[in-house]
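The values are calculated or read from the model by the stated rules, or taken from the named source; none is laboratory data. Here the structure is a predicted model, which is why all the values come from computation and not from measurement. Every residue, glycine among them, receives a Cβ derived from its backbone with ideal geometry; neighbour counts consider all protein chains shown.
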């Protein structure tokens with residue numbers, strides 16, 4: 001077996017190796033990562049969480065996701081767009097989330113901006129950058145999975161051009177992976193292709 005290939009889990013089913021690296025990852029790997037996500041609020045949540053993850057491990061964010069959801073009213077764009085200075089100060093001391101001023105400020109600014117968009121506009125924009133799955137090779141190992149692609153770079157530029165903050169090409173690609181725009185489960189993985 002080559003390093004980074006699908007490995008058997010406790011149930012004998014093959015998974016991406018990272019999906020077994022911590023107990024919290026198994027359900028996330030099997031049921032969420034790489035599955036299509038639609039809806040402006042759902043995509044806003046993923047966009048925010050990927051931004052908060054920047055510079056940290058995903059497990060840190062995953063373990064605090066419920067705290068983030070409580071702190072940011074379930075990531076309802078209309079609700080977060082109404083947050084004011086008192087909410088910002090509350091977030092800066094909330095131990096249930098990552099208390100990074102720049103990331104909190106970006107989340108609040110992005111919500112205010114997205115609240116001015118038409119319903120479905122964020123969903124449409126993000127999904128317009130999904131690459132043709134027929135033109136993407138199935139990764140055999142984790143090492144074959146890119147961190148940035150032409151599509152993620154273009155998505156990042158498009159989101160920034162529209163005024164969104166804290167969304168570079170690497171964060172955009174992580175968003176694409178998490179939301180199913182690309183399927184980067186390795187060959188043989190039980191979750192490959194949404195199965």
| field | Selection count where residues are free of Cβ contacts under 8 Å to residues at least 40 places away in the same chain and out of contact with any strand residue (DSSP E or B) (no Cβ under 7 Å at 6 or more places or on another chain), scope the range 3-30 | value | 11
| query | On the given criteria, is residue 193 more than 15 Å from the chain's Cα centre (by Cα), in contact (Cβ under 8 Å) with a residue 60 or more places away in the chain, surrounded by fewer than 21 Cβ atoms within 10 Å (Cβ to Cβ) and within 29 Å of residue 16 (Cα to Cα)? | reply | no
| note | Conditions (1) within 16 Å of the chain's Cα centre (by Cα); (2) free of Cβ contacts under 8 Å to residues at least 12 places away in the same chain -> residue 103 fails only (2)
| Matching option when the condition is assigned to a helix (DSSP H, G or I), over 29 Å from residue 15 (Cβ atoms) and at pLDDT 95 or above, among 122, 164, 155, 175 | 122
| task | Within the range 45-82, track down each residue that is touching a residue at least 60 places away in the same chain (Cβ under 8 Å), over 14 Å from residue 179 (Cβ atoms) and surrounded by 21 or more Cβ atoms within 10 Å (Cβ to Cβ). | result | none
| note | By residue number, the members of the range 21-34 that are surrounded by 16 or more Cβ atoms within 10 Å (Cβ to Cβ) and more than 16 Å from the chain's Cα centre (by Cα) are 26
| query | Which one is surrounded by the fewest Cβ atoms within 10 Å (Cβ to Cβ) among residues in the range 101-119 that are in contact with a helix residue (DSSP H, G or I) (Cβ under 8 Å, 6 or more places away or on another chain) and assigned to a loop (DSSP other than H, G, I, E, B)? | reply | 119
| Has the range 8-15 got at least one residue that is more than 22 Å from residue 179 (Cβ to Cβ) and buried (at least 18 other Cβ atoms within 10 Å of the Cβ)? | yes
| Test for residue 91: is it without any contact (Cβ under 8 Å) to a residue 24 or more places away in the chain and surrounded by 19 or more Cβ atoms within 10 Å (Cβ to Cβ) | yes
| said: When you scan the range 155-178, do you find a residue that is touching a residue at least 12 places away in the same chain (Cβ under 8 Å), more than 21 Å from residue 49 (Cα to Cα) and surrounded by 14 or more Cβ atoms within 10 Å (Cβ to Cβ), even just one? | reply: no
| request: Just need a number here: residues in the range 127-152 that are more than 21 Å from residue 191 (Cα to Cα), under 16 Å from the mean Cα position of the chain (by Cα) and not in a helix (DSSP H, G or I). | output: 3
